[in-house]
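One structure is given below, encoded as structure tokens.
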Amino acid sequence: MKIKQVLSVCLLTLLLVTFNSCKKDTIDVSQLLSTVPSSAGGVVVFNIEGMAKDAGCEIKNHIIEPGEVIKGLLEEASPTQKKDFMVLFDGSTGIEPKVAVLFYDANRTFLTVALYDEVKFTQFVESQVGTNFEDVGNGLKVCGQVAMKGGQAWLCLPTGKRLDPEGIEAYSSLSTSQSFLVTPMGEKLLTEESDIRGWALLKTYLGQSLSRADRALASIGLDLIFENAESVRFEADFKKGEFEAEAVILNDKGNPAKSLLPLEKIDVKPIKELGESCQGLMAFTITPKLVKKFEEIGNSLGGGLFGNFFKELKNIDGTTAMIVSGKNLDEEEAINGVISTKGDVSPAFKEFVSEYLGAISIDGDKLKFTKGNVAGSLSVDKVADEIKGSCFALVVEPSELAGLNFFKYLSTGFSMVELKLKQDSGSLEVEIEAKTKSPDENALLTILRSK
């Protein structure tokens, strides 16, 4: 194996032991964060020790001993997979199984961990890379894209990036005033109790994931939706019976950025009247104030280009929701929905709804539409209760997402995936929840079983 195998082992270590936990990693986080510069554009902390214990594993003499569930998964693995995975549990890497930190700085991403045995780590890395560590001075040793000094190791990501020994030397000798610990987010990442917790500058995140043109559009969009948006803070937990994650946009003071959108909470009453069961549900609120705001945004981007569209929306006021069932969410075989209005909508809007969403009917101030018979494993009544307090919600059976990369691992062991947007004290928070079919099993174990 080459350097990509070293990377795989490090990342698989994080994946396999990322379970809900008693969070007891503060000291180790402090040690690693003290070598992350305050200029870092993104930092993610992974708790390992407590999570491994809650996953039924034990840690003895720096070695993670797999629990019964993990042993069962290893027995089902192919010989090659089993050989690679056992590296995580036999202690041969020399990595301390307590905590790991991922950070972005100087156009590079680094994974840093503590070592309990530098000799074992040296032997492990050299056997994978095929070359020996080189002593570059001041106790720093380098082998390919891996560096080691003072009981700590750094892996430069991705594998195409060159590791800069001088940069690693600078990280290892940072003073407290130069490290990420002195930043407001450093304190939060040190003390928060999530399985995975992180922070990133928006320009860092957008720069890593979008093209230049798309970054420009995304920046304009953020400026139109938030007041002084600068970074994002996120956290995730693998719990018994469910996976939970949330994210919030922050301003330059490190506080939740004020939302410039006049959003209101969803009224779940009309949702519960749509039917008994479904495969997917989407709901949101549209009010005259929100339409006016979108019209202002549209005008700022393209003059009066969207004028006729927003004109048709001005009589919509309240909750819009729909339940669906079918082969996938792009080609619904059946749909029931409702649009709350001021009591009247234009013939053109009715024609649009009729053509694309289904046969329409008027019930007081509600415009309803229907096509086919909606059915599925999700209880509409229970889903409606789940999304109370949200201003936008999307809830689906995992099978509806099976074709989307990671989500294929949710299709067999999970019963429901929720995406909710909530407004709290003027700011917006995104929440994601995935509920397991077995309420007594850890969510990550469910994912691993699904593979």
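Could you derive backbone 3J(HN,Hα) for region 353-360 from the dihedral phi with the Karplus parameters 6.51, -1.76 and 1.60 (θ = phi - 60°), listing whole Hz in sequence and x where the residue is Gly or Pro?
Working through the residues one at a time gives 4, 4, 6, 9, 10, x, 5, 9 Hz.
What Kirkwood Rh does region 183-252 have if only Cα atoms enter the pairwise 1/r average? Answer in Å.
13.5
If I stretch the segment between residue 425 and residue 126 completely, what's the gain in nm (0.36 nm per residue apart, minus their alpha carbon distance), one decimal?
102.4 nm
In terms of solvent-accessible area of protein heavy atoms at a 1.4 angstrom probe, what is the ranking of 124, 243, highest value first? Spell out each step's value before the answer.
On the way: 124 15, 243 45 Å².
Listed by decreasing accessible area, they come as 243, 124.
Within region 331-394, what whole-number % of the accessible surface is contributed by carbon and sulfur, with the 1.4 Å probe and all protein chains included in the calculation?
49
Once you have a ≥ b ≥ c as the square roots of the Cα gyration tensor eigenvalues for region 149-208, tell me rounded if a/c is under 1.5, and otherwise prolate or oblate according to whether a/b is larger than b/c. Walk me through the numbers before you get to the answer.
Working: a/c = 1.73, a/b = 1.19, b/c = 1.45.
Cα axes put region 149-208 in the oblate bin.
Give me the percent of the accessible area of region 73-228 that comes from carbon and sulfur atoms, probe 1.4 Å, all protein chains in place.
Details: 3970 of 7750 Å².
Roughly 51 percent of what the probe reaches on region 73-228 is carbon or sulfur.
How large is the accessible surface per residue of the chain, computed with a 1.4 Å probe and reported in Å² as a whole number?
49
So which aspartates and glutamates pass the test for residue 342, namely a Cα distance under 13 Å, with those fewer than 8 places away in the same chain ruled out?
Filter leaves 312, 317, 363, 365.
Working only with C-alpha atoms, what are the Rg and Dmax values of the chain, expressed in angstrom?
Computed over the Cα atoms of the chain, radius of gyration and Dmax are 25.3, 79 Å.
Please give the calculated 222 nm ellipticity per residue for the chain, where each DSSP H segment of at least 4 residues contributes -39500 (n - 2.57) and the sum is spread over every residue; nearest 500 deg cm²/dmol?
My calculation for the chain gives -9000 deg cm²/dmol from helical runs alone.
Where nothing but the Cβ of Lys and Arg (+1) and of Asp and Glu (-1) is charged, how large is the charge dipole of the chain around its Cα centre, in debye to the nearest 20?
For this selection, approximately 520 debye.
From the phi of every residue in region 94-110, what ³J(HN,Hα) in whole Hz does the Karplus formula 6.51 cos²θ - 1.76 cosθ + 1.60 yield, where θ is phi - 60° and glycine or proline is x?
These are the phi-based 3J(HN,Hα) values: x, 7, 6, x, 10, 7, 9, 10, 10, 9, 10, 7, 6, 6, 9, 10, 10 Hz.
For a quick check of understanding: with a 1.4 angstrom probe and all protein chains in place, what accessible area in square angstrom does residue 161 have, to the nearest ten?
80
The values are calculated or read from the model by the stated rules, or taken from the named source; none is laboratory data. Please read all numbers here as calculations on a predicted model, not as lab measurements. Every residue, glycine among them, receives a Cβ derived from its backbone with ideal geometry; neighbour counts consider all protein chains shown. These accessible areas exclude ligands, DNA and RNA; they are computed on the full protein's heavy atoms, side chains included. Shrake-Rupley method; radii C 1.70, N 1.55, O 1.52, S 1.80 Å.
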